[in-house]
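Inspection log for the structure reproduced underneath, given as structure tokens.
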Amino acid sequence: MHERAAKHLALAAMLSSVVLILGCGPSAESVATKDFLAKFDKIVEQNKALDDLEKKGDEYNQQLEKVRDERQPGKRAVAIGAWIGQYKSLLSQARSIVDTQSGLVDDLVTDSAKLSADANRYSREATDALREYIATERKGIELSEQLMATLESSAGNPATADPKRVEELTNSLNDLDSKEKQAFQQAQDAAARLRAIAPRP
């Protein structure tokens, strides 16, 4: 009788330990928050890659400035053609990066739906801002391609250039750049609020 009671007590103690161990494991919301922030950090890394491409573009611009006063039309046309080719390569790389970011944002939307209360609110604020950021990036690439096409069409004959169109596209790109940076900062701010309330491991 006493032996059976002892076995029941031992079994109860073991079950209590199991329940305690399981209770200490990460919750579904904790896991979803961790996944969300990990993917968000990947988008931040991709944004740094876009910044690197922008710096590379600035280098190409400096190279082009060196031949601005070139009087020989042939050399000038070659330099502009080389610059356009380099920029097209940058735009292709940028489009690939933005496509990757867009896929990550879709994943973030799924993760956000698993969160509740403030975590859900902050994650939605981050994804909404990222969607605007992605849309702005895509529009910037589209306008840059239009600018390249405009410049390429007049590379061999500057007299056919449309300075008004070039200025219009350049101003639009500058406006988009400001909006893109603002949207990304809003996303980072929302992610920081989410990170601040995320359960500690």
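The values are calculated or read from the model by the stated rules, or taken from the named source; none is laboratory data. Fair warning: this is a prediction, and the values are worked out from it, not measured in the lab. Here Cβ is always computed from backbone atoms with ideal geometry, including for glycine, and neighbour counts include all displayed protein chains.
Could you pull out the residue among S144, S92, S123 that is part of a helix (DSSP H, G or I), at pLDDT 95 or above, buried (at least 19 other Cβ atoms within 10 Å of the Cβ) and within 20 Å of the chain's Cα centre (by Cα)? Result: S123 is the single residue among S144, S92, S123 that is part of a helix (DSSP H, G or I), at pLDDT 95 or above, buried (at least 19 other Cβ atoms within 10 Å of the Cβ) and within 20 Å of the chain's Cα centre (by Cα).
Condition (residue is within 19 Å of Q186 (Cβ to Cβ) and β-branched (V, I, T)) applied to the range 89-107: is it met by at least one residue? Within the range 89-107, one or more residues are within 19 Å of Q186 (Cβ to Cβ) and β-branched (V, I, T).
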